[in-house]
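S.K.: Please see the structure below; I have some questions.
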Amino acid sequence: MEDLMTKIIKKISTPLISLIFLLNMSSTGMADTTVSAEVSFIFNTLLFLICGFLVFFMAAGFAMLESGMVTSKSVSVICAKNIGLLSISGIMFWMVGYNLAYGIPEGGYIGKFIPWSDSSAVDTGYSDGSDWYFQMVFCATTVSIVSGAMAERIKLWPFFLFAAILSGIIYPIVMGWQWGGGWLASIGFFDFAGSTLVHSTGGAAALAGAIIIGPRLGRFTKSGSPAPIKPFAASSIPLVTLGVFVLWLGWFGFNGGSQLAMGTADDAIAVSTIFINTFLAGAGGVIGAAIITRLHFGKTDVIQMLNGCIGGLVAVTAEPLAPSPLAAILIGTVGGLIVVYGTKLLLSLKIDDVVGAIPAHLFAGIWGTLIVPATNSDAVFSTQLIGVLSVNIFVFIVAYIVFSIMKVTVGLRLSKEGETRGTDVTETGVIAYAIRD
Amino acid sequence: MEDLMTKIIKKISTPLISLIFLLNMSSTGMADTTVSAEVSFIFNTLLFLICGFLVFFMAAGFAMLESGMVTSKSVSVICAKNIGLLSISGIMFWMVGYNLAYGIPEGGYIGKFIPWSDSSAVDTGYSDGSDWYFQMVFCATTVSIVSGAMAERIKLWPFFLFAAILSGIIYPIVMGWQWGGGWLASIGFFDFAGSTLVHSTGGAAALAGAIIIGPRLGRFTKSGSPAPIKPFAASSIPLVTLGVFVLWLGWFGFNGGSQLAMGTADDAIAVSTIFINTFLAGAGGVIGAAIITRLHFGKTDVIQMLNGCIGGLVAVTAEPLAPSPLAAILIGTVGGLIVVYGTKLLLSLKIDDVVGAIPAHLFAGIWGTLIVPATNSDAVFSTQLIGVLSVNIFVFIVAYIVFSIMKVTVGLRLSKEGETRGTDVTETGVIAYAIRD
Amino acid sequence: MEDLMTKIIKKISTPLISLIFLLNMSSTGMADTTVSAEVSFIFNTLLFLICGFLVFFMAAGFAMLESGMVTSKSVSVICAKNIGLLSISGIMFWMVGYNLAYGIPEGGYIGKFIPWSDSSAVDTGYSDGSDWYFQMVFCATTVSIVSGAMAERIKLWPFFLFAAILSGIIYPIVMGWQWGGGWLASIGFFDFAGSTLVHSTGGAAALAGAIIIGPRLGRFTKSGSPAPIKPFAASSIPLVTLGVFVLWLGWFGFNGGSQLAMGTADDAIAVSTIFINTFLAGAGGVIGAAIITRLHFGKTDVIQMLNGCIGGLVAVTAEPLAPSPLAAILIGTVGGLIVVYGTKLLLSLKIDDVVGAIPAHLFAGIWGTLIVPATNSDAVFSTQLIGVLSVNIFVFIVAYIVFSIMKVTVGLRLSKEGETRGTDVTETGVIAYAIRD
């Protein structure tokens, strides 16, 4: 079956893939390294720490992106959610997540429920703690993706509860399947830095949540078309912009650090290539969204340009090393277009994703993962498809069940009155913008 | 006397301390380093530069935190204060501060009033300039802490004058006591990255200033209770949030760089551990403040979550290497709770600390310094107490005297009319938010 | 003629120059390096990547600076311009720019129109890709400078077209003259990190654009004096402040990375010195602008302090290694003063530079380049003058021609009605700040 599917898809996508193949970077093979084990250990650890703090800072990027995208009566709670989810994710990932992912048996399905502890040694090639830090901020990124989609109507503490479950259990399980050496790794799935494992996981959970909680009051008219945008206008475009720039910055750490080593010249070259492709894919996403919104909808939609950037970045995350520069641009451009049309699709389905997280992370993540074979000849399309389907379906179903249980137990959604007054007044009692002339 | 005090405190804090002791990280001893002197020199220098620019960026964090926390008529001046104090601090620290701290005789009290100059050599293990840069941004951090507490009523240039005195004289003196090898270092005081030396110093100066300048007009009713918060509402919660994320990011440099070396595998492991504990303590502070405000006051106070993060970070700064992950979380959580109740305490004392700098930096700094013996068995509680008392009392008294002299000479406070119109119109003539639909 | 000019200028500037000469840092010569080629390769590559992501982040700094400086009806489009120009610049620099600059014959005038490709090898001393990344973000910085000056009236897509021409052709040509080993390098021009090549290039293009497009409607009264500032008030001072802090942060990468190497102790010392001088020059610019606006105009102008910082940073960029700390402070202070009086000058000429890009980047860049001989005895004043004149005149003329052609073909300026409604409504249909109480 795998082979058949591969054939079908290869046929369909041949023209694009051929083009990209031609443009692949030639490998720059070098002699064996001359770097001593300890120096290499320090370089590798440094890579994790530097890339780790860049990814850490993505939490600020999500906070700004989402603060700017929600209406001005729901900004304080978005801030509370973002700093809260980062804190919860980190603690959960220490308590259970890390070993749930990395304690997995080879080719297996789930690891061990024990807290992480340090066992650094020079022979492991890097400090254990630096790896934990780097993996932890990935976990937090996954959870960040969910917070925006359900904004303006989800209650704060149920969201925190879900954040704990996603960061402590759901994400670590799928992470272990691949990066812990579980069954997906065994069948040869490729996902370099997590188009599927991180971004689609976050996006699939967000989709389940957005469906269960339903749209904001008044978001869609009775006839089903989106209500006039005015009462749902983004509170601050510069904050959205800042958020995207911070995310783009963080993505150099996200993808670059996923090389997992900087202790040889070859690794240093690889990290450089990853930085370039990460940049170019984001750029492609911006330009794709700019052109298509101008041509198709008349105005150049700055929000779609910004979300298109995310879409491009997510798309290249599954394979940021193999593509040539042109391939990276193309992969990112398609990611940007997917965001634009994915946003339209969700609106037509009356799914209210406040910040556009689902198109940018789920849809673009699927695209990025499936296109890997076009630039990395070791990847097989059918295996990519199995990975995409298994992760997304697993996450969606589990998240759907968790949200459903929460809905009938602790409750997910604010009261109508609370939502109308705004989450900020209702939940935190702090107005977000108290600006007077 | 020391022994007696130690006994008493140990008795009181035994349960918590025992718990934390049990959870301490086991040391990961390694063989002697194999890294050459020059490679080690480069790694150490790189650590100072990277961590230095992270701490530099904390200046932006303070600027955003404070801009968001003041009312909208005092934002432009806060911005002027923050960029101004950074500039002044850096120049003062070059002109006198560095050698006032590092030119101190062993076990002494004060160094030399001479400008810093470079005398790098490979045998010193790192470039002199990188160390100056790293220490300078610490100095600027100390001054940043003061600017928010006295906001909305202090005049700009008197503040700049105090910034010069604090950065050029007061901070370097106490810094020299410990990090310059002065008398506190001689008696065995522990303050890894400056819970006391930096954060309490800033906080104690802020307390002196807030007392002398008095609360904002109308901040407290005649009966002494805080006035309705509405006219004193924070101008922008997303900017406060951004500020805290930036500070958290910078704190990895603040604590991580205080390892002072990255040139061996052991140092690299230590820096990794510090990153983890710094993260977890901040997370603990967030969660502590979130839970306690929700349970105790009904709403989850986002501002306290954000300041709680700072409190957790300040608390772990005195010893970010020795604690186990669980200990770091607990130390940070208590730091967060201290912020919440410290804020209440100040209000009940009618001290108007606009941004909550005193609870977060002074109170949490005291806690963090005193709890060091619980995770680092080389530290002695009574010595920690001596350090806390001597630094805080010295700084408070000197700052009190300086502010008092300034009050009767150059004047500290805006006119009533000027304060009512707002510092922005009065001092800089630039409205902070000119937003029209 | 060169010698005569040198004599005249030396005479005029002798007192200042002598002072600065006396304070130059003494060279810290060291023995030959003991670092292996591969370790050195990794360090050098790491320097490019770290400094590169810092410079990348300057794009966010420009976006925030400009968002805050324009009026609130033109903020969304500024955001679109900044993320768009970064994307366009990166792609253009890959497609043509890099080899147009580096493919230049020795002492020549123009390189080759071919895309960049990777040819990394250990003997080259660093990964090719890391160099491309570092140079690319410089190119984007050049373009960023232009976007603010013409804000609030230029059409979006014509701006993007100019961004492509500037990043793909104009900047690479002048870059090649010096950094590609072209004719300016051959005659001994000094421009360490681009006071002229980057900042004046951006500023000269901005000047040409601002002249051709003319001032905003109503910006100047019929009599020629600036209109009351109120309707032209900056939308958000904290965002401007954030922008400047981010730029200052990025400048450590901009200047530090321009050492181009970190693989020996000497290089590590040099990078440290550059960090210090970069910091001190920015500080000097802030303080210079603060004092002069307070003394000369009555109020301490926060906007001039912020732009003064940029002026100081631009000024030290031509030579951030040779100056002593005091010299760096003085060079930066003059840069700050140039910004203050340069802003006045432009207003008196009725040139409407919305964000003050021309004084900060063009004027301060000229100052910084001409003063190099005062701290670096290898530089010759007349050669510096030739470099300044040739680059600025070339860029101004080419940009003037390009803008003129665009004006009569695709059109540069919004309709009067469109400008009155604001670029945001007209071009992107997205209101920047939708804030309601």
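S.K.: From the C-alpha gyration tensor of segment A:349-419, pull out the three semi-axes of the equivalent ellipsoid (sqrt of 5λ each), sorted largest to smallest, in whole Å. Please report the intermediate quantities before stating the final value.
M.R.: Details: eigenvalues 232, 47, 9 Å².
Taking √(5λ) for each Cα gyration eigenvalue gives 34, 15, 7 Å.
S.K.: Now a separate question. For the interface of chains C and A, what total accessible area is buried with a 1.4 Å probe, rounded to the nearest 100 Å²?
M.R.: On the way: alone 17850 and 17810 Å², together 30750 Å².
Buried area (both sides, nearest 100 Å²): 4900 Å².
S.K.: Mind listing the long-range amide H neighbours of residue A:352? Cut-off is under 5 Å, sequence gap 5 or more, other chains count too, H placed in the peptide plane at 1.01 Å from N.
M.R.: The list, which skips near neighbours in sequence, is empty: none.
S.K.: For residue B:123, which inter-copy label distances result when the label point lies 7 Å beyond Cα on the Cα-to-Cβ vector, reported in nm to one decimal and in ascending order?
M.R.: Here the equivalent label points are 3.8, 3.8 nm apart from this one.
S.K.: How many angstrom separate the Cα center of segment A:329-386 from the Cα center of segment C:326-392?
M.R.: Between the Cα centre of segment A:329-386 and that of segment C:326-392, the gap is 48 Å.
S.K.: While we're here: Between residue A:220 and residues 5 or more places away or on another chain, which pairs have amide H atoms under 5 Å apart, with H built 1.01 Å from N, and which residues are they?
M.R.: Those qualifying (amide H under 5 Å, at least 5 residues apart or on another chain) are A:227.
S.K.: Considering every residue in B:47-53, what mean count of other chain Cβ atoms within 10 Å of its Cβ is obtained? Let's see the in-between values first.
M.R.: On the way: counts 3, 3, 11, 7, 2, 5, 12.
Other-chain Cβ atoms within 10 Å of each residue's Cβ, averaged: 6.
S.K.: If you take the beta carbon distance between residue C:295 and residue B:393 as r and set R0 to 35 Å, what does 1/(1 + (r/R0)^6) give as a FRET efficiency, to the nearest 0.05? Before the final figure, lay out each step's value.
M.R.: Values: r = 39 Å, r/R0 = 1.10.
FRET efficiency, residue C:295 to residue B:393: 0.35.
S.K.: Once amide H atoms are placed 1.01 Å from N in the peptide plane, what residues at a sequence separation of 5 or more from residue C:413, or on another chain, have their amide H within under 5 Å of its amide H?
M.R.: Amide H neighbours of residue C:413, under 5 Å, 5+ apart: C:155.
S.K.: Now for a separate question. Can you give the translational diffusion coefficient of segment C:262-304 in µm²/s, computed by Stokes-Einstein from the Kirkwood radius over Cα pairs at 37 °C and 0.692 mPa s? All intermediate terms of the calculation are to be shown ahead of the outcome.
M.R.: Details: Rh = 12.1 Å.
Answer, rounded: 271 µm²/s.
S.K.: Further question on the same structure: Just to check I understand the Karplus step: with θ = phi - 60° and J = 6.51 cos²θ - 1.76 cosθ + 1.60, what whole-Hz values come out for segment A:409-426, glycine and proline as x?
M.R.: Using θ = phi - 60°, the values come out as 10, 6, x, 9, 10, 4, 5, 4, 5, x, 5, 5, 5, x, 4, 5, 5, 5 Hz.
S.K.: When ligands, DNA and RNA are left out and all protein chains stay put, how many square angstrom of accessible area per residue does the protein assembly as shown have with a 1.4 Å probe?
M.R.: Roughly 30 Å² per residue, with all protein chains present.
S.K.: Whole-Hz Karplus ³J(HN,Hα) for segment B:379-386, in order, using 6.51 cos²θ - 1.76 cosθ + 1.60 and θ = phi - 60°, x for Gly and Pro?
M.R.: Residue by residue, segment B:379-386 yields 8, 10, 4, 5, 5, 4, 5, 4 Hz.
S.K.: Quick check: the distance between the Cα centres of segment A:157-232 and segment C:81-115, to the nearest angstrom?
M.R.: Result: 40 Å between the Cα centres.
S.K.: Right, another one. Quick one: what are the phi-derived ³J(HN,Hα) couplings along segment B:231-236, Karplus 6.51/-1.76/1.60 with θ = phi - 60°, whole Hz, x for glycine and proline?
M.R.: Values per residue, Gly and Pro as x: x, 10, 5, 4, 6, 7 Hz.
S.K.: Residue farthest toward the positive end of the dipole of the protein assembly as shown, with Cβ of Lys/Arg at +1 and Asp/Glu at -1: which of C:188, C:251, C:135?
M.R.: Going by the Cα projections, it comes out as C:251.
S.K.: Could you put C:299, A:407, B:155 in order of accessible surface area, largest first, with the 1.4 Å probe and the full protein assembly present?
M.R.: Correct descending sequence by accessible area is A:407, C:299, B:155.
S.K.: Listed here are the pairs C:230/C:416; B:155/C:73; A:73/C:230; A:416/B:344; which of them are more than 25 Å apart at the Cα?
M.R.: Violating the 25 Å Cα-Cα cut-off are B:155/C:73; A:73/C:230; A:416/B:344.
S.K.: For segment C:106-206, take the convex hull of the Cα atoms, compute a quarter of its surface area, and give me that in nm², please.
M.R.: 7.2 nm²
S.K.: Counting other Cβ atoms within 10 Å, keep those with at most 14, restrict to DSSP loop, and tell me which trypsin sites (Lys or Arg not before Pro) in segment C:194-227 are left.
M.R.: The qualifying sites are C:222.
S.K.: Is any residue of segment B:193-218 close enough, with backbone N under 20 Å, to a label point placed 7 angstrom from the Cα of residue B:407 along the Cα-Cβ axis, and if so, which?
M.R.: B:202-218
S.K.: A drop of at least 50 square angstrom in accessible area, chain alone versus all protein chains together, probe 1.4 Å. Which residues of segment A:54-94 meet that?
M.R.: Residues passing the criterion (a loss of at least 50 Å², heavy atoms only) are A:56, A:57, A:64, A:72, A:79, A:83, A:87, A:91, A:94.
S.K.: As an exercise, use a Förster radius of 25 Å and the Cβ-Cβ distance of residue C:421 and residue A:420 to find the FRET efficiency, rounded to the nearest 0.05.
M.R.: Between residue C:421 and residue A:420 the formula returns 0.20.
S.K.: Loop sites only, by DSSP: take the chymotrypsin sites (Phe, Trp or Tyr not before Pro) in chain C that have at most 14 other C-beta atoms within 10 Å and name the longest stretch containing none of them. Numbers along the way, then the final one.
M.R.: Working: sites that count: C:109, C:113.
Result for the longest clean stretch: C:114-437.
S.K.: Report, to the nearest whole %, how much of the accessible area of segment C:36-428 belongs to carbon and sulfur atoms, 1.4 Å probe, protein only.
M.R.: 68 percent
S.K.: Counting helices only, and only those DSSP H runs with n ≥ 4, report the 222 nm mean residue ellipticity of the protein assembly as shown as the sum of -39,500 (n - 2.57) divided by its residues, in deg cm²/dmol to the nearest 500.
M.R.: -20500 deg cm²/dmol
S.K.: Report the Cα-based extents of the protein assembly as shown along its three principal axes, largest first, to the nearest Å.
M.R.: 84, 83, 65
S.K.: While we're on this one: Please list B:32, C:118 in order of solvent-accessible area, largest first, computed with a 1.4 Å probe with all protein chains present.
M.R.: B:32, C:118
S.K.: List, by residue number, every residue in segment B:111-155 with a reduction of 50 Å² or greater in accessible area between the chain on its own and the complete protein assembly, 1.4 Å probe.
M.R.: Residues losing area: B:133.
S.K.: About the Cα centre of segment A:194-331, what is the dipole size in debye to 20, counting +1 per Lys and Arg Cβ and -1 per Asp and Glu Cβ, all else neutral?
M.R.: Charge dipole of segment A:194-331: 860 debye, to the nearest 20.
S.K.: How big is segment C:36-428 along each principal axis, measuring the range of its Cα positions in Å and listing the largest first?
M.R.: Over segment C:36-428, Cα extents along the principal axes are 65, 47, 36 Å.
The values are calculated or read from the model by the stated rules, or taken from the named source; none is laboratory data. Being a predicted model, the structure only gives us computed values, none of them experimental. When we count neighbours, we look across all protein chains shown, and the Cβ atoms used for this are built from the backbone with ideal geometry, even at glycine. Areas reflect the complete protein model, heavy atoms only, side chains present, ligands, DNA and RNA absent. Shrake-Rupley method; radii C 1.70, N 1.55, O 1.52, S 1.80 Å.
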